[in-house]
Amino acid sequence: MQTFKALVVETGDPYTAQIRQASVDELPPGDVLVRVAYSSLNYKDGLAITGAGKVIRSFPMVPGIDLAGTVLESASPDYKPGDAVILTGWGVGERHWGGLAELARVRAEWLVPLPDGLTLQQAMGIGTAGFTAMLAVMALEAHTIDKNRDVLVTGAAGGVGSVATALLARLGYRVVASTGRTSEEAYLKSLGAGEILHRSVLAAPAKPLESERFGGAVDTVGGAVLAGVLPRMAYGSSVAACGNAGGVKLETTVFPFILRGVNLLGIDSVMCPREKRLRAWQRLAHDLPKPLLEAAIQTVSLEEVPGLAQAILQGQVRGRVVVRLS
Ligand code: NDP
């Protein structure tokens with residue numbers, strides 16, 4: 001394969017994202033060549049493809065922060081041709097050509113072997129969003145989650161939120177799913193949510209301390225919503241903050257922290273160390289019910305990606321978008 005199909009983003013006026021044939025010689029350095037079977041669309045990919053956010057660090061760039069496929073060539077002792085692998089993060093699709101192409105050349109240490117029990121397509125149904133949801137749940141578990149209280153997920157109908165809802169429900173928690181889309185109520189209940197809470201309740205101005213309600217929370221929204229979550233957290237509970245779909249500023253008081261011992265836990269998936277990555281993928285393969293994962297996935301072609309990139313930024317995408325490459 002000397003040329004391959006790729007979505008290529010070019011800067012300039014205008015900023016463009018177009019599908020074209022690329023040459024193998026254009027691929028960046030790396031010790032493993034992967035035939036990409038599937039990629040996925042994350043919020044960050046939406047920013048990269050549309051240019052709405054300064055995600056891409058060098059041009060031309062193939063976006064796609066996730067990929068799953070089969071090793072074609074390897075100079076690393078850790079992988080051989082035919083191995084099924086997945087990759088999320090590490091600046092792929094931002095600084096290094098990413099997954100929205102039929103081929104990718106990457107560094108061996110960025111790869112994770114496909115865990116038993118997952119297909120390549122399911123792995124991309126999880127992707128960075130689902131992996132981040134798992135890291136958030138693991139962080140809450142490390143600080144204990146009060147089983148007797150509700151656990152909150154914000155931005156619940158999005159990618160991170162859908163997987164977090166399904167995981168927490170499966171683990172036995174009563175999940176309150178916060179969404180701005182009442183049309184997604186039935187979908188969220190099908191993932192296991194026990195109750196739907198409209199986003200506007202959390203985004204409205206709150207007192208420094210409201211009644212203690214939640215025994216844990218996964219926040220994918222940030223901004224005013226996170227500011228409304230903190231005063232509602234129960235004594236000693238934790239919020240895993242992993243997103244900014246609703247804003248980057250956080251206006252709050254110190255009272256939830258100093259009077260209720262609430263913990264604000266930061267979640268980063270991009271540079272997550274390898275050992276934790278492997279544990280998270282094992283947990284995902286084991287704890288995430290496959291029918292729920294399948295219910296959260298829509299699989300699309302590369303040609304459909306630019307349109308969906310606009311939609312994900314407008315909060316119009318439900319669950320996870322998997323992109324079929326080969
Ligand atoms: P999605 O677009 O799939 O989901 C985001 C959800 O947030 C939407 O579905 C919507 O949920 C809600 N939302 C969107 N816009 C607004 C708004 N203006 N105000 C309030 N809520 C809003 O994105 P992902 O799930 O892929 O990513 C979610 C967030 O997590 C993003 O900010 C992303 O950058 C971040 N992220 C961080 C990672 C990390 O390593 N820390 C890794 C992956 C993602 P609803 O309709 O249910 O209200």
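For the stretch 75-87, does any single residue satisfy the condition of being touching a strand residue (DSSP E or B) at 6+ places or on another chain (Cβ under 7 Å) and without any contact (Cβ under 8 Å) to a residue 12 or more places away in the chain?
Yes - at least one qualifying residue is present in the stretch 75-87.
Taking the residues in the stretch 219-229 that are closer than 22 Å to Leu167 by Cβ and assigned to a helix (DSSP H, G or I) as candidates, determine which candidate is farthest from the ligand (Cβ to nearest atom).
Among residues in the stretch 219-229 that are closer than 22 Å to Leu167 by Cβ and assigned to a helix (DSSP H, G or I), the one farthest from the ligand (Cβ to nearest atom) is Val229.
So, restricting to strands (runs of 3 or more DSSP E) that lie completely within the stretch 233-319, which ones have at least 1 residues that are over 22 Å from Leu135 (Cα atoms) and within 12 Å of the ligand (Cβ to nearest atom)?
Where strands (runs of 3 or more DSSP E) fall fully within the stretch 233-319 and carry at least 1 residues being over 22 Å from Leu135 (Cα atoms) and within 12 Å of the ligand (Cβ to nearest atom), they are 297-301.
Before we move on, is Ser76 surrounded by fewer than 17 Cβ atoms within 10 Å (Cβ to Cβ) and of a type in the set (Ser, Thr, Tyr)?
yes
Taking the stretch 235-290, which residues are within 14 Å of Ala164 (Cα to Cα) and among the β-branched types (Val, Ile, Thr)?
Across the stretch 235-290, the qualifying residues are Val239, Ile267.
With the requirement that a residue be over 21 Å from Asp66 (Cα atoms) and of a type outside the set (D, E, K, R), what does the stretch 167-180 give you?
Leu168, Ala169, Leu171, Gly172, Tyr173, Val175, Val176, Ala177, Ser178, Thr179, Gly180
When you scan the stretch 197-220, how many residues do you find that are touching a residue at least 40 places away in the same chain (Cβ under 8 Å), over 15 Å from Met233 (Cβ atoms) and among the aliphatic types (A, V, I, L, M)?
Qualifying residue count for the region: 1.
Report, by residue number, each residue of the stretch 167-218 that is within 12 Å of the ligand (Cβ to nearest atom), closer than 19 Å to Arg260 by Cα and in a strand (DSSP E or B).
Val218 - this is the single residue of the stretch 167-218 that is within 12 Å of the ligand (Cβ to nearest atom), closer than 19 Å to Arg260 by Cα and in a strand (DSSP E or B).
Can you pull out the residues in the stretch 111-166 that are assigned to a strand (DSSP E or B) and β-branched (Val, Ile, Thr)?
Residues of the stretch 111-166 assigned to a strand (DSSP E or B): 112-113, 150-153.
Matches in the stretch 111-166: Val112, Val151, Val153.
Name the residue, out of Glu73, Glu94, Glu10, that is over 24 Å from Ala296 (Cα atoms) and within 13 Å of the ligand (Cβ to nearest atom).
Numbers: Glu73 fails: within 13 Å of the ligand (Cβ to nearest atom); Glu10 fails: within 13 Å of the ligand (Cβ to nearest atom).
Glu94 is the lone residue from the list that is over 24 Å from Ala296 (Cα atoms) and within 13 Å of the ligand (Cβ to nearest atom).
Computed from the coordinates by the stated procedures, all read-outs in this text should not be read as laboratory data. The shown structure was predicted, so the numbers you read here are calculated from the model rather than taken from an experiment. In this analysis, Cβ positions are derived from the backbone assuming ideal geometry, glycine residues included, and neighbour counts consider all displayed protein chains.
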